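Here is the structure we will look at.
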Amino acid sequence: MIVMKFGGSSLATAEKIRLCISLVKNELARHPLVILSACGKTTDQLIATAKAAKQGQVDTDALEQYHRQLIDELNLDYRVIEPLISQLTTLLHGVSLLRELTPRTMDHIMSFGERISTRLVAAAMAGEGVVASAYNSFDLGLLTDSRHNNAIPLSSIEGEIKEQVGQIDPVPVVTGFLGKDQQGNITTLGRGGSDFSASIFGAAIDAEEVQIWTDVNGVMTCDPSVDGDAQSLPVLSFNEASELAYYGAEVLHPNTLIPAIRKHIPVRVLNTLNPTDPGTKITVEPVRTERFAKSIVYKEDVCLINLTSPRLMSAVALLSNAVSELTRHEVGVHMATTSEATVSLVTDRHYDEAYLEEPINNLRKYGEVEVERKKAIICAIGQELKGQVGVLGKMFTAVAEKGIKAKMVSQSASELNIAFLVDNTEIEPAVRALHALLLNDRE
Ligand code: ADP
Ligand code: ASP
Ligand code: MG
């Protein structure tokens, strides 16, 4: 079996959905299990609709119209998705009456995106002569913990998934992004989480390969929307791809590679709009290129926290207290540096100001706290960085020439990355400067 995952960008229009179906048709002999995201920007729209409901406004017109157009253009019957739209509307009325929107309710509301897309695409497949049925991932055994909006799959689910999938005859069209906790609440795996679902299913069924179909020719030397000169990377190692996703390359969800690595299942990133392009193959074997790194990535909207103690506390104790305070609030730390009296930490991007308020206030008991928001991590990734001496100087010079001062430079012990901090507003010039260096410079 293989897993074929189609992202929202590949399902945005009826024409694109037809392309996805033709790709599935081409692979029928390899018994595809299809994983889908919500169509187009549906998840963003659901989030906006939920927030409006919390303010007392229930308006599903745009969502309904968008899906109705897809249904019409694919010659389907609206009844395929009508019950889901009506459940969504009822739920939104509940939110508007209570003026309350918990993470659990948000997960339930977001789930309609994938539940609708799978019904719609499975019906469209039937129209094209492909025998297919839609399934909720959680009905096939994808159970998670209860961390709403960012749930982690339970470690024991593979046997159940394998057994459930084994009983399906026609092509299973399965919701990405979604799970259920042990209390039966719908959970989601974090934004962009359908990539993760694809590799969870891939590992559970021992798939021959996992295909991630998206809107670019695979993983590239940088985000092509930042620099149009970006080139696709034919091969990446699991470790390089993991680092790349971790440091913000939207093309892969950061957890995607974890299940695939465990089972050594190759992952391919391919372009739905250009299916003959070989895209990127992610495998165990590292490949060294002549460039100083493989890709320049960035993570925007991170937050820098500087904690300075009155020197009564050692740097070690200060670091340990700061990290445990943030960990207690489940705030991830991406970078850390220490000096004798100051600890600097960079937190992940998905925490808003309100969420960080409490842990930051708690840090004040250890010393003076200074918070700088709207920062970005810029990172060069590639196993070529291993053992290189002059590369840091070259990178610094390239960004300094654009008037950018890089802060908090760090390299992990694996030497697969070199990262530093800039302002959000400096992302584009910094990425472009390093990318130009990457394309033109040789080791
Ligand atoms: P999908 O809808 O298929 O899940 P995403 O929008 O999540 O697609 O991911 C694809 C997008 O990721 C591309 O359009 C591109 O702008 C962005 N991206 C960021 N960094 C990279 C990179 N290094 N290589 C390729 N794409 C990248
Ligand atoms: N639909 C979800 C999102 O937009 C999951 C995904 O697309 O992978 O985040
Ligand atoms: Mg995505």
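Remarks
- Of residues in the range 206-220 being in a loop (DSSP other than H, G, I, E, B) and not aliphatic (A, V, I, L, M), the one nearest to ligand 1 (Cβ to nearest atom): ASP215
- Condition met for GLU401 (at pLDDT below 95 and open to solvent by 40 Å² or more (accessible area, probe 1.4 Å)): no
- Every residue from the range 1-24 that is within 14 Å of ligand 1 (Cβ to nearest atom), in contact with a strand residue (DSSP E or B) (Cβ under 8 Å, 6 or more places away or on another chain) and open to solvent by 40 Å² or more (accessible area, probe 1.4 Å): SER9
- For the range 180-205, the set of residues classified as more than 15 Å from THR272 (Cβ to Cβ) and not in a loop (DSSP other than H, G, I, E, B) consists of LYS180, ILE186, THR187, THR188, PHE196, SER197, SER199, ILE200, PHE201, GLY202, ALA203, ALA204, listed by residue number.
- Flag if VAL121 is in contact with a strand residue (DSSP E or B) (Cβ under 8 Å, 6 or more places away or on another chain), open to solvent by 70 Å² or more (accessible area, probe 1.4 Å) and within 19 Å of LEU33 (Cβ to Cβ): no
- Looking only at the range 275-323, and only at residues there that are open to solvent by less than 60 Å² (accessible area, probe 1.4 Å) and polar (S, T, N, Q), the one that is farthest from GLU243 (Cα to Cα): SER309
- Residue check for VAL331: under 27 Å from LEU434 (Cβ atoms) and in contact with a helix residue (DSSP H, G or I) (Cβ under 7 Å, 6 or more places away or on another chain): no
- When residues of the range 184-224 are limited to those that are of a type in the set (Ser, Thr, Tyr) and within 17 Å of the chain's Cα centre (by Cα), the one nearest to ligand 2 (Cβ to nearest atom): SER194
- In the set SER133, SER156, only one residue is surrounded by fewer than 19 Cβ atoms within 10 Å (Cβ to Cβ), out of contact with any helix residue (DSSP H, G or I) (no Cβ under 8 Å at 6 or more places or on another chain) and hydroxyl-bearing (Ser, Thr, Tyr); that residue is SER156.
- Residues of the range 255-271 that turn out to be within 12 Å of ligand 1 (Cβ to nearest atom) and free of Cβ contacts under 8 Å to residues at least 24 places away in the same chain, as a count: 0
The values are calculated or read from the model by the stated rules, or taken from the named source; none is laboratory data. Predicted model only: the values in this text are computed from it and were never measured. Every residue, glycine as well, gets a Cβ built from its backbone with ideal geometry; the counts of neighbours run over all protein chains shown. Side chains included, ligands, DNA and RNA excluded: accessible areas come from the protein's heavy atoms. Shrake-Rupley method; radii C 1.70, N 1.55, O 1.52, S 1.80 Å.
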